[in-house]
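Accompanying notes for the structure given below.
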């Protein structure tokens with residue numbers, strides 16, 4: 001009797017082993033398929049958003065200039081700015097030639113996809129001032145709408161946690177509810193509080209397009 005049952009036990013073992021192998025294979029294929037689908041979806045949305053921004057930019061800018069900015073895994077990364085704009089770090093900057101009130105300056109910048117500039121580092125300001133005229137004053141994307149000392153950046157960057165580069169003893173007048181970047185001799189470049197309805201130059205900033 002023992003000798004007759006041995007083949008049955010062996011067949012069951014082989015069958016169970018085959019079932020396990022097929023289960024592992026099916027699970028592996030399912031996981032690979034899921035990873036592939038997720039990868040395709042991420043790629044689709046990433047390139048989709050890039051294409052949307054490029055399309056929007058071409059509405060106001062006839063051409064873009066792209067710079068090689070290293071590699072991301074296996075693909076080269078290019079950072080693009082409108083051709084007449086200045087490139088620094090992850091942003092593009094434009095200095096309009098006309099003067100306007102703060103609100104109008106902001107509206108004009110936004111139309112180009114680039115709100116008034118938000119300065120986050122000393123290095124960023126040092127780069128920007130190289131493009132400016134020392135005899136002019138330039139609106140920043142910084143204001144104190146209520147005149148109560150609660151300054152705020154237009155992109156919601158926390159004012160108290162961000163770099164602050166005011167001229168000495170500025171801001172000093174609650175009725176001056178907008179900030180400008182201005183050169184004072186011998187102090188150099190710094191921020192000053194000014195009247196929002198005064199006409200000044202401005203600086204627009206947009207994030208680079210990466211492709």
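Structure values in brief
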quantity: Share of alpha-carbon pairs per 10 Å distance bin for region 63-114, given as whole %; calculated: 22, 41, 24, 11, 2
quantity: For peptides 162-169, 126-133, sequence by mean Cβ density within 10 Å, most packed first; calculated: 126-133, 162-169
quantity: Contour excess over end-to-end distance, with Cα ends at residue 108 and residue 150 and 0.36 nm allotted per residue; calculated: 12.6 nm
quantity: Label-point gap, in nm, between residue 211 and residue 67 - each point 7 angstrom along Cα→Cβ; calculated: 1.7
quantity: Alpha-carbon Rg with Dmax, taken over region 81-210, Å; calculated: 13.7, 41
quantity: Residue 123 paired with residue 78, simple spin-label distance in nm, labels 7 Å along Cα-to-beta-carbon; calculated: 2.5
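None of the figures in this text is laboratory data; all of them are computed from the coordinates on show. Fair warning: this is a prediction, and the values are worked out from it, not measured in the lab. We place every Cβ from the backbone using ideal geometry, glycine too, and count neighbours over all the protein chains shown.
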